[in-house]
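Below: the structure, in structure tokens.
The values are calculated or read from the model by the stated rules, or taken from the named source; none is laboratory data. Note that the structure is a prediction, hence the values are computed from the model and not measured. Virtual Cβ from ideal backbone geometry, glycine too; neighbours counted across all protein chains shown. Heavy atoms of the whole protein, side chains included, go into the accessibility calculation; ligands, DNA and RNA do not. Shrake-Rupley method; radii C 1.70, N 1.55, O 1.52, S 1.80 Å.
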Amino acid sequence: MTASFASDWDDLPAHLQDAVDNVLADEAEAEARVVAPQLYGSRVALRPFESSDDAALYEVLQDPRLDGRRNLPYKHDPWIPPSLHSTAAIREDWGAREHFLALAVFEPASGNLVGYTAMGWGWDPLCPWVNLVVAPEHWRAGIGREVVALLMDFLFGTTVANVVSCTVDAWNEEGIAFVTAVGFQPTGRYRRDGFCNGRFYDTLTFDLLRREWLALEEARSDGA
Amino acid sequence: MGLEGATIWLREQRAEDMPLLQSLRNDMRTQGYNKALPPDYTEPMLRGRFEERRFSLDRDDAVFIIERKADGRALGFIAYGNLEPRHNTMVGMGMDQEVWGSGAAREALDLLLGFLFLELGLRVVHMWTISENVRAVKLAEKLGFVISSRKRESCYKGGKLGDTLLMDVLREEYLDPRGLTDTLPKLEDAPGSMRNPPL
């Protein structure tokens, strides 16, 4: 015999039906009070990766303008574009990691992949980190700024994060300009963190406090 | 046997070290600021972790017991992990509070740095601590570490928000004060280039 919960409840005696209806009404009210994470912006949206994204992700990763900026999992060289096979392995690695979320950045209208982003918090949700890669053909179109807003709203709105951090290689002037423009504060560097062009380079560290983000949001809404 | 200093050894862990490691794990003064909480570790838990270690020639971590040469007493541990060969690693340590201020921690860290720079050929060594742990910061600074990054309000201990500090010491910052000559190529000046990096 199969029966849905609804039909089971419909068959309850009247006094129990009243109790069930009251519980359901309370749950609906509670659910209405919860602010759902807003991962849809005006131009882009974020969602988990699917295996059907592999070809599009592979295409994004082939662009030489992303050399050194791919933010791939440990042991995947950021200077070498991955093969299609490695791209699938990267996507699977992202999906398997704990306390970590990698999301596809796509245009809802076309469904096109225009970048990817990740966040993680290790053992401590007080201080998560984020990273972001936008496909070069979409640079300077405001996509990065919109994704950061979605990420911050998600982390500060649905988790207990107090500070969000990110890193940018010291040679990546565009990246440094971007993270500071969206509100991140410079906090130091990992010295000699990477090596290219026959030289070591530092990785710069940045963070953004909850109160700083909220103040930025307030200023933006005041100015709007 | 391990790494020998003037007054201490850094040697491998042994089964008889588990009570010391358990007590350090459960000491809020030494481990209370990190994910090691709560301080309820049992000796079998530590023994299980110890016994799970397997032989490998592809190692990216180590745990040494700090042993006093004079009487063979185990004083604490010192470790490194996330090793990138010939490049960098992260170190950490824990000492029995009875020997704080004795110089053993400094000698142990100095000894480990010597191993990392002169045997493993690393270019930089990192360590994490918190702003409240002034003793750790001062100890590291005496050995050449500097605070290179400060993650603001990212740790919580004793009811207070604090900063997480990244400290690091570069290869020449270890070698030069000790009058040691570096025979590895100075990679900062090496010829050759990769694609695209706008350095």
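Remarks
- Among the residues making up the range A:168-193, a single one is touching a residue at least 40 places away in the same chain (Cβ under 8 Å) and of a type in the set (Asp, Glu): A:Asp169.
- When residues in the range B:67-89 are screened for being part of a loop (DSSP other than H, G, I, E, B) and within 14 Å of chain A (Cβ to nearest Cβ), 3 of them pass.
- Qualifying residue in the range A:166-183 (condition: farther than 16 Å from A:Trp121 by Cα, within 13 Å of chain B (Cβ to nearest Cβ) and polar (S, T, N, Q)): yes
- Only a single criterion out of (1) away from every other protein chain (no Cβ under 14 Å); (2) open to solvent by less than 60 Å² (accessible area, probe 1.4 Å); (3) under 17 Å from the mean Cα position of the chain (by Cα) is not satisfied by A:Pro108, namely (2).
- Residue check, B:Leu116 farther than 27 Å from A:Ser165 by Cα, within 14 Å of another protein chain (Cβ to nearest Cβ), in a helix (DSSP H, G or I) and modelled with pLDDT of 95 or more: yes
- Filtering the range A:194-216 to residues that are in contact (Cβ under 8 Å) with a residue 40 or more places away in the chain and either of a type in the set (A, V, I, L, M) or closer than 14 Å to A:Phe156 by Cα (or both) leaves A:Asp207, A:Leu208, A:Leu209, A:Arg210, A:Trp213, A:Leu214.
- For A:Thr180, the conditions (1) assigned to a strand (DSSP E or B); (2) open to solvent by 40 Å² or more (accessible area, probe 1.4 Å) are fulfilled apart from (1).
- Restricting attention to the range B:93-113, the residues being open to solvent by 10 Å² or more (accessible area, probe 1.4 Å), outside any helix (DSSP H, G or I) and either closer than 17 Å to B:Gly72 by Cα or of a type outside the set (A, V, I, L, M) (or both) number 6.
- Scanning the range B:128-169 for residues that are more than 8 Å from every other protein chain (Cβ to nearest Cβ), open to solvent by 20 Å² or more (accessible area, probe 1.4 Å) and part of a strand (DSSP E or B) gives B:Trp128, B:Val146, B:Lys157, B:Lys160, B:Asp163.
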